[in-house]
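Student: This is the structure, below, for whatever I ask next.
The values are calculated or read from the model by the stated rules, or taken from the named source; none is laboratory data. The structure displayed is predicted, hence computed values, not measured ones. Every residue, glycine among them, receives a Cβ derived from its backbone with ideal geometry; neighbour counts consider all protein chains shown.
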Amino acid sequence: MTRFKFRALGLLAVFSLASPPVSAADTIRLAVMQTGTLKWELGVINKLGLAKAAGLNLQTQVTASPEAQKIALLGGTADIIVSDWLFVSRERAAGRHLKFYPYSSAVGAVMVRKGSPMRKLADLKGKKLAVAGGPLDKSWLLLQAYGQKRGFDVKHEANLMFGAPPLLQQKTLQGEADASLNFWNFSAALEGKGFRPLVTMAHVERKLGAKGKVAMLGYVFTSAFAKSHKAALDRFLALTRKAKGILASTPADWAALGPHIGAPDAVTQALFRRDYSAGIPARPIADEQRDAATLFDVLARTGGTKLVGAGKTLDPGTYYTGMPGS
């Protein structure tokens, strides 16, 4: 298993927390993206001994990609990953009983330089737009639907450049793209370097029918795990919510974390902290599920079966509702 050294306040350490298992029911195996925000939160949990206090033994494996996480979950080597409700609904339609619980509503934006004359999406006509991910990226598909409602076909009227988020961030900074649609942390990093939002994905979601901020990412686990480990699962969800609150309210933690996540200076760290904090879910599950169903319909029309699978609507059993207060 990959090991990371604590630096400064130790927010980069993410691995089996030093808490001996009380029983198998108290052990949770996590598959964590090497560059994911859950890693930051596990660093807080580790530093403060929160898992031990909650009677949990967290065993963590680091993965290099979202697909590797999914393989770990579906292959039975991980109990919980972070993914989106689209994946959960698609797998449920295929007969695999997964559950989703909101993790983050932080989303990115179309970013342009502060001095750019562009003021609306249609101003991207003839311009080069860098799009993180690929043609089936959710934000990209939602942006297309948003443009279509305003009579602008961004897919065909802008010049597109697809690629990995870090690569496109560099190309944008180097002036190889006029605008960039990237994930929230890369958008925050660009803002710290003199860029501004042309349109935020939170705005796009609302204009496409969502009533509030939608947690696109969530903890994903099987229905069987939720049943057999309900007490441990609920403690874990409460534990990570506590860790989010601690991280959101502790600027010193961001000073330690910043140089390792693309936020080396105080200004950018403040932007990261702002957007991370704004993305902490706080809405009832019923509201989340209603808005997810609305956006699912948009994605199904835009991305088709290659994106959503066989399901015509968001599977009604997608969300985990067993958490107290849900």
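Student: Among the residues in segment 310-322, are any closer than 23 Å to Ala188 by Cβ, in contact with a Ser or Thr (Cβ under 9 Å, 6 or more places away or on another chain), hydroxyl-bearing (Ser, Thr, Tyr) and at pLDDT 90 or above?
Tutor: Restricting attention to segment 310-322, the residues satisfying the condition of being closer than 23 Å to Ala188 by Cβ are none.
Checked segment 310-322: no residue is closer than 23 Å to Ala188 by Cβ, in contact with a Ser or Thr (Cβ under 9 Å, 6 or more places away or on another chain), hydroxyl-bearing (Ser, Thr, Tyr) and at pLDDT 90 or above.
Student: Regarding Ala238, is this residue among the aliphatic types (A, V, I, L, M), assigned to a helix (DSSP H, G or I) and more than 26 Å from Met323 (Cα to Cα)?
Tutor: It is false that Ala238 is among the aliphatic types (A, V, I, L, M), assigned to a helix (DSSP H, G or I) and more than 26 Å from Met323 (Cα to Cα).
Student: Still on this structure, please answer the following. So, in segment 19-59, of the ones that are among the β-branched types (Val, Ile, Thr) and surrounded by fewer than 22 Cβ atoms within 10 Å (Cβ to Cβ), which residue ends up farthest from Pro259 (Cα to Cα)?
Tutor: Selected residue: Val22.
Student: In the set Val154, Val199, which member is of a type outside the set (Ser, Thr, Tyr), touching a residue at least 60 places away in the same chain (Cβ under 8 Å) and under 23 Å from Ala300 (Cα atoms)?
Tutor: Values: Val154 fails: touching a residue at least 60 places away in the same chain (Cβ under 8 Å).
From the options Val154, Val199, the qualifying one is Val199.
Student: Being surrounded by 21 or more Cβ atoms within 10 Å (Cβ to Cβ), of a type outside the set (Asp, Glu), within 18 Å of the chain's Cα centre (by Cα) and within 30 Å of Ala94 (Cβ to Cβ) is true for just one of Ala232, Ala215, Ala243. Which residue is that?
Tutor: Working: Ala232 fails: within 18 Å of the chain's Cα centre (by Cα); Ala243 fails: within 30 Å of Ala94 (Cβ to Cβ).
None of the others qualify; the one that does is Ala215.
Student: Please verify whether Leu74 is among the hydrophobic types (A, V, I, L, M, F, W, C), under 15 Å from Gly317 (Cβ atoms) and touching a residue at least 12 places away in the same chain (Cβ under 8 Å), treating the condition exactly as stated.
Tutor: Numbers: among the hydrophobic types (A, V, I, L, M, F, W, C): yes; under 15 Å from Gly317 (Cβ atoms): no; touching a residue at least 12 places away in the same chain (Cβ under 8 Å): yes.
It is false that Leu74 is among the hydrophobic types (A, V, I, L, M, F, W, C), under 15 Å from Gly317 (Cβ atoms) and touching a residue at least 12 places away in the same chain (Cβ under 8 Å).
Student: Can you name the residue in segment 255-295 that is of a type in the set (D, E, K, R) and part of a helix (DSSP H, G or I) and is also farthest from Leu38 (Cα to Cα) among such residues?
Tutor: Of everything passing the filter in segment 255-295, Arg290 is farthest from Leu38 (Cα to Cα).
Student: Check off (1) within 19 Å of the chain's Cα centre (by Cα); (2) on the phi > 0 side of the Ramachandran plot for Gly309 and give me the number that stays unchecked.
Tutor: The one condition Gly309 does not meet is (1).
Student: Still on this structure, I have one more. How many of the residues making up segment 296-315 are out of contact with any helix residue (DSSP H, G or I) (no Cβ under 8 Å at 6 or more places or on another chain) and assigned to a loop (DSSP other than H, G, I, E, B)? Working first, answer last.
Tutor: We begin by selecting, within segment 296-315, every residue out of contact with any helix residue (DSSP H, G or I) (no Cβ under 8 Å at 6 or more places or on another chain); these are 297, 304-306.
Right, trim to assigned to a loop (DSSP other than H, G, I, E, B) and you get 304.
Qualifying residue count, segment 296-315: 1.
Student: State which residue is farthest from Gly192 (Cα to Cα) when the search covers only segment 269-306 and only residues that are under 19 Å from the mean Cα position of the chain (by Cα) and hydroxyl-bearing (Ser, Thr, Tyr).
Tutor: Only one residue fits best here, namely Thr294.
Student: Does at least one position in segment 1-12 carry a residue that is surrounded by 20 or more Cβ atoms within 10 Å (Cβ to Cβ), outside the structural domain of Asn185 (by TED's automatic domain parsing), modelled with pLDDT under 95 and of a type in the set (A, V, I, L, M)? Don't jump to the end; show me each part of the working.
Tutor: Within segment 1-12, the subset surrounded by 20 or more Cβ atoms within 10 Å (Cβ to Cβ) is 11.
Among the residues that remain, those that are also outside the structural domain of Asn185 (by TED's automatic domain parsing) are: 11.
Next, from what is left, pick out any that are modelled with pLDDT under 95: 11.
Filter once more, keeping what is of a type in the set (A, V, I, L, M): 11.
Yes, there is a match, as at least one residue in segment 1-12 is surrounded by 20 or more Cβ atoms within 10 Å (Cβ to Cβ), outside the structural domain of Asn185 (by TED's automatic domain parsing), modelled with pLDDT under 95 and of a type in the set (A, V, I, L, M).
Student: How many residues does segment 136-167 contain that are at negative phi and more than 18 Å from the chain's Cα centre (by Cα)?
Tutor: The qualifying residues number 19.
Student: Related question: Of everything in segment 60-82 that's closer than 22 Å to Gly262 by Cα and surrounded by 19 or more Cβ atoms within 10 Å (Cβ to Cβ), which residue is modelled with the highest pLDDT? So that I can check it myself, show each step before the final result.
Tutor: Taking segment 60-82 and keeping what is closer than 22 Å to Gly262 by Cα, we get 62-66, 82.
Checking which are surrounded by 19 or more Cβ atoms within 10 Å (Cβ to Cβ) leaves us with 62-63, 82.
Values: Val62: 94, Thr63: 93, Val82: 97.
Going through the qualifying residues, I end up with Val82.
Student: Return the pair list, or none, for Cβ contacts closer than 8 Å from residues in segment 300-311 that are touching a residue at least 40 places away in the same chain (Cβ under 8 Å) and among the small types (Gly, Ala, Ser) to residues that are surrounded by 12 or more Cβ atoms within 10 Å (Cβ to Cβ) and outside any helix (DSSP H, G or I), at least 6 apart or on different chains.
Tutor: Gly303/Leu136
Student: Oh, and also: Determine the pairs where a residue that is closer than 17 Å to Val199 by Cα, located within segment 168-186, has a partner that is modelled with pLDDT of 95 or more and acidic (Asp, Glu) with Cβ atoms under 7 Å apart, the partner being 6 or more residues away or on another chain.
Tutor: Trp184/Asp275
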